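Notes follow the structure.
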Amino acid sequence: MSPQRVALSGWGRWPQVQAELTEARGVDSIRELLREGAISVRGAGRSYGDSSLGQRMLDMTHTRRMRSFDAQTGIAVVDAGVTIEDLLRLFAPRGWLPAVTPGTRFVTVGGALASDVHGKNHHGAGSFSDHVPWFELMLADGEVVRVSREERPELFHATAGGMGLTGVILAVALELMPARSSDILQRSLKLEDIDATVAAIEANASWTYSAAWIDCQARGRRLGRSLLLLGEHASEGSQATAVNARAPVAIPLTPPAGTLAKPVVSAFNAIYHGRQRGPERTSRIPYTSFFHPLDAIANWNVLYGRRGFLQYQFVTPTEAGADPLRRALELISGAPVAAPLAVLKAFGEANVNLLSFPLRGYTLAVDLPASPAAFELCERLDRLVLGCGGRIYLSKDARMKPETFRACYPRWSEFEEIRARHGAAGRLTTLQSRRLGLA
Ligand SMILES: Cc1cc2nc3c(=O)[nH]c(=O)nc-3n(C[C@H](O)[C@H](O)[C@H](O)COP(=O)(O)OP(=O)(O)OC[C@H]3O[C@@H](n4cnc5c(N)ncnc54)[C@H](O)[C@@H]3O)c2cc1C
């Protein structure tokens with residue numbers, strides 16, 4: 001397949017590159033591309049920043065075979081370009097669901113493994129890779145190897161969360177989770193400030209799913225007010241209807257910059273928070289409404305205008321308590337920048353992957369329209385996060401400095417050694433890896 005010259009970005013629409021994009025059409029085409037020079041691997045492009053971008057890009061979205069399924073173990077083996085949406089459509093009606101899903105179903109399993117994504121159940125279920133017994137990887141020299149914790153542990157722990165920099169993930173074995181219904185019983189708690197939010201997250205840690213929508217514009221005694229959404233699988237019913245997700249609607253135009261100006265966002269947030277009148281509300285809702293509410297609009301990312309946006313996601317360790325969160329919210333709400341969407345959740349234990357993001361603590365993800373003020377705010381947040389032993393998520397990042405990366409991910413040098421040993425240095429690169437000073 002000959003390459004196409006295209007303009008591409010991550011989900012945040014910043015930065016943008018002109019790239020040569022080649023569709024993966026079988027292992028030989030991937031091997032051929034690798035032989036000709038350095039490549040960047042691209043899944044569905046749902047990472048926010050520059051982690052899937054480069055000059056010569058390999059598009060994995062056309063590798064979509066469901067290879068096998070074992071109904072005894074619940075293990076499905078699928079091509080790397082299969083999406084969470086594909087898995088839901090095929091397996092949910094048969095009573096199986098992904099054990100971990102991020103906030104959008106439009107990601108590939110290859111991309112989910114490379115970012116080692118987390119869901120609303122990280123505190124109980126861990127990350128995506130914790131449900132992957134093995135995967136198939138093409139190394140930089142074209143050799144295809146099977147990678148598991150037992151067979152090639154160093155490649156396993158460097159590739160899961162390794163942002164596509166060790167090789168091309170070709171297929172993934174996934175442990176699915178049995179479920180009697182795809183509906184979720186949701187309990188929504190209205191909380192008036194950050195202390196109440198953190199206390200409620202802790203008090204409700206036994207819920208399988210938990211994440212709080214935070215009003216990042218609120219200040220003073222309302223700082224960190226939220227709606228904490230807790231969820232459990234319904235025990236029966238609607239299994240057959242499965243994940244009857246409606247096709248997303250699309251926004252026809254890119255709205256002008258300023259559509260999401262700070263006063264507009266503040267007013268919207270006040271209405272959203274105020275819409276729930278009582279302190280608690282329970283409901284039974286479809287799977288996608290609980291896990292993937294943003295997917296209802298296909299291209300909501302255009303709402304930020306032509307300049308695009310950044311998502312800043314950090315985690316701070318539990319021992320640091322709620323104080324770093326309070327200080328981060330003060331910085332965000334006091335900055336001359338609108339933060340329309342913010343989610344807070346608690347992570348459970350970290351796994352042993354070299355670059356996986358989660359560690360036991362609190363993680364906050366905030367969208368910020370790309371502007372000089374947003375970049376300045378991120379620098380200040382970097383200092384706060386590093387100061388308390390936290391880290392910043394690579395899959396959302398478009399701007400971190402090399403020294404910040406090295407402080408967040410102290411095992412980066414081990415990661416580089418493994419890449420060098422397997423010939424990946426200089427062969428699998430991205431805009432992000434070069435910005436972060438990786439080989
Ligand atoms: C609305 C929304 C909500 C989200 N919610 C969450 C969330 O709750 N939790 C979370 O963790 N993340 C979340 N994300 C981020 C998203 O889950 C990750 O960025 C994911 O990696 C995207 O997968 P992708 O297929 O789009 O990969 P891409 O964005 O195309 O690539 C991501 C990385 O994976 C690498 N990669 C992709 N495919 C392969 C492959 N086959 N082999 C080797 N490397 C590969 C790329 O090189 C890149 O480094 C969200 C994103 C959006 C847009």
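The values are calculated or read from the model by the stated rules, or taken from the named source; none is laboratory data. Not measured: the values here are computed from a predicted model. Positions of Cβ are backbone-derived with ideal geometry, glycine not excepted, and every protein chain shown enters the neighbour counts.
Select from the range 35-50 the residues that are more than 11 Å from the ligand (Cβ to nearest atom) and either among the basic types (Lys, Arg) or crowded, with 22+ Cβ neighbours inside 10 Å (or both) and list them in ascending order. First the steps, then the outcome.
Here is the first cut: in the range 35-50, the residues more than 11 Å from the ligand (Cβ to nearest atom) are 35-38.
Matches in the range 35-50: 35 only.
Restricting the range 353-405 to residues that are closer than 22 Å to residue 45 by Cα and in a strand (DSSP E or B), which is farthest from the chain's Cα centre (by Cα)?
369
Go through (1) in a strand (DSSP E or B); (2) away from the ligand (no atom under 15 Å from the Cβ) and name the single condition residue 150 misses.
Every listed condition holds for residue 150 apart from (1).
Any residue that is within 6 Å of the ligand (Cβ to nearest atom) and out of contact with any Phe, Trp or Tyr (no Cβ under 7 Å at 6 or more places or on another chain) - is there at least one of those in the range 89-101?
So far as the range 89-101 goes, no, none of its residues is within 6 Å of the ligand (Cβ to nearest atom) and out of contact with any Phe, Trp or Tyr (no Cβ under 7 Å at 6 or more places or on another chain).
Quick check on my filter: what residues within the range 170-184 are surrounded by fewer than 18 Cβ atoms within 10 Å (Cβ to Cβ) and modelled with pLDDT of 95 or more?
Correct list: 175, 177.
Could you say which residue among 277, 281, 327 is part of a strand (DSSP E or B) and more than 18 Å from the chain's Cα centre (by Cα)?
281
If you check residue 2 against the conditions, is it in a loop (DSSP other than H, G, I, E, B) and more than 9 Å from the ligand (Cβ to nearest atom)?
Yes; evaluated as a whole, the condition is true for this residue.
Anything in the range 381-415 that is over 25 Å from residue 366 (Cβ atoms) and away from the ligand (no atom under 16 Å from the Cβ)? List them, or say none.
Listed by number, the residues that qualify are 411, 413, 414.
Of everything in the range 137-147, what is within 12 Å of the ligand (Cβ to nearest atom) and assigned to a strand (DSSP E or B)? Give them in sequence order.
137, 138, 147, listed by residue number.
Just a yes or no: is a residue in the range 160-177 part of a helix (DSSP H, G or I), within 13 Å of the ligand (Cβ to nearest atom) and over 23 Å from residue 285 (Cα atoms)? Steps first, please.
Just the residues of the range 160-177 that are part of a helix (DSSP H, G or I), to begin with: none.
No, the conditions are met nowhere in the range 160-177.
Tell me which residues, restricted to the range 62-88, are hydroxyl-bearing (Ser, Thr, Tyr), more than 9 Å from the ligand (Cβ to nearest atom) and either buried (at least 22 other Cβ atoms within 10 Å of the Cβ) or in a loop (DSSP other than H, G, I, E, B) (or both).
73
When the range 307-335 is examined, which residues are found to be more than 15 Å from residue 197 (Cβ to Cβ) and either in contact with a Ser or Thr (Cβ under 9 Å, 6 or more places away or on another chain) or within 16 Å of the ligand (Cβ to nearest atom) (or both)?
Listed by number, the residues that qualify are 307, 308, 309, 310, 311, 312, 313, 314, 315.
Exactly one condition in (1) part of a loop (DSSP other than H, G, I, E, B); (2) crowded, with 22+ Cβ neighbours inside 10 Å is not met by residue 201; state its number.
(1)
Among (1) assigned to a strand (DSSP E or B); (2) modelled with pLDDT under 95; (3) not hydrophobic (A, V, I, L, M, F, W, C), which single condition is residue 40 missing?
All conditions are met except number (2).
Of all the residues that make up the range 338-352, how many are of a type in the set (A, V, I, L, M) and assigned to a loop (DSSP other than H, G, I, E, B)?
In the first step, residues of the range 338-352 are kept if they are of a type in the set (A, V, I, L, M); the result is 338-339, 341-344, 346, 350, 352.
Subsequent filtering for residues that are assigned to a loop (DSSP other than H, G, I, E, B) retains 338-339, 341, 350, 352.
Qualifying residue count for the region: 5.
Within the range 51-61, is there a residue that is at positive phi, part of a loop (DSSP other than H, G, I, E, B) and more than 13 Å from the ligand (Cβ to nearest atom)?
No - not one qualifying residue is present in the range 51-61.
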